[in-house]
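What follows is calculated from the coordinates using simple rules that are stated; it is not laboratory data. Computed from a predicted structure; not experimentally measured. Cβ sites come from the backbone with ideal geometry, for glycine too, and all protein chains shown count toward neighbours.
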Amino acid sequence: MRWLIEKGTYGNYESEVGMFEHSIPLIIEALESRGIEYKLMPYVPFDELVILKEEKIKNKALSLFPRRHDVVFYGSLGFATKIRELGWTGVYSDYEKYDCAVYFPIFKENALNYDYLMMPFGEIRNKQEGIFSYFKDEKVFIRPNSVLKEFVGQVVSRFNLDAALETMAFYDQSKPETMVTISSCKTVEKEWRFVACKDEIVTGSLYRDVKQGDKVLTLPCSDEKALEYAQKMAKLYSPEDIWILDICQTEDGDYKVLEMGCFSFAGLYGCDMVKIVDAMSGVIGKKTMDYISDEEWVQNIKIGGKNE
């Protein structure tokens, strides 16, 4: 097993993006402690994977990974998308399996936002009266259906709806047909991130506690009830060999599924990286895959639908 890791600027982790960068050095440390080979590769957003478009791509790819079926990828969403397009394996990001529309019906009332409406983004303004009437409140929570998160989920009031919709559509990711979920507003006290291997929880971390304000935490999970609840939910649905499950605790003390996510581009906070590496080694070690020869794969690389 080998790892392909995005080379970035590691440091501040006071955000989800920063937390991803914070996780990389810790993963590298865990890989080195286990004697596992890894390679770092930079990614330039919006530049069509510049490093892989160079003339020496064939030699670069073959020298890095003679057998791509045992390579695990960890990096940003943009890089993960490009790697998938190039035919690389070991990218745990089967996006469609993480749609709210997929796991809400499975978790049912265990999902925090199970009291939801779902509709195209372009219909929110048209249906606003019905939306606020349905929830019998002046505020609602709106988030994308997709794990790709075309916009950041947020609380929206009847009075700032137009401004909020403009913000959501700012980067042109939220198209009229983009599906969204709309639910009532809830108060969440704590949030944990768990890493699962198939239907077993491997490790977890507390990353938010309302008592500590907006500070991003990197504490190992010490709440046995949260861990037990996460394990129970993992038995209900496990979308990939390695995946992410976020659990929260409400102001009433109830545990709920906050959301699910893809491992390959998730921040790992205070999760035990050695346990993650060991779990991944077990998965890759048992996996058997049919794959074309290295030379044939390189000859058939496609970027943007064109052979390079």
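Some values worked out for this structure:
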| item | result |
| --- | --- |
| Interchain or long-range residues, amide H under 5 Å from ALA111's placed H | VAL257 |
| Shape call, segment 211-270: gyration tensor on alpha carbons, a/c limit 1.5 | oblate |
| 5 angstrom amide H check on LEU217, placed H, neighbours 5+ away | ARG208 |
| Ordering of 215-223, 243-251 by burial proxy (mean other Cβ atoms within 10 Å per residue, highest first) | 243-251, 215-223 |
| Amide hydrogen neighbours beyond the local backbone of VAL180, cut-off 5 Å, H modeled | MET119, PHE121, ASN145 |
| Net charge dipole size for segment 113-183 [Lys, Arg +1 and Asp, Glu -1 on Cβ; Debye, nearest 20] | 120 |
| Karplus 3J(HN,Hα) series, Hz, for segment 245-250 with 6.51 cos²θ - 1.76 cosθ + 1.60 (x for Gly, Pro) | 10, 9, 10, 10, 10, 7 |
| Within segment 88-152: Cβ-based charge dipole about Cα centre, in debye rounded to nearest 20 (Lys, Arg +1; Asp, Glu -1) | 80 |
| Computed over segment 113-183: relative contact order in percent, which uses C-alpha pairs under 8 Å that are six or more apart | 50 |
| Under the Karplus curve 6.51 cos²θ - 1.76 cosθ + 1.60, θ = phi - 60°, whole-Hz ³J(HN,Hα) for segment 198-215, x wherever Gly or Pro sits | 6, 10, 10, 6, 9, 6, x, 8, 7, 10, 8, 9, 4, 5, 10, x, 8, 5 |
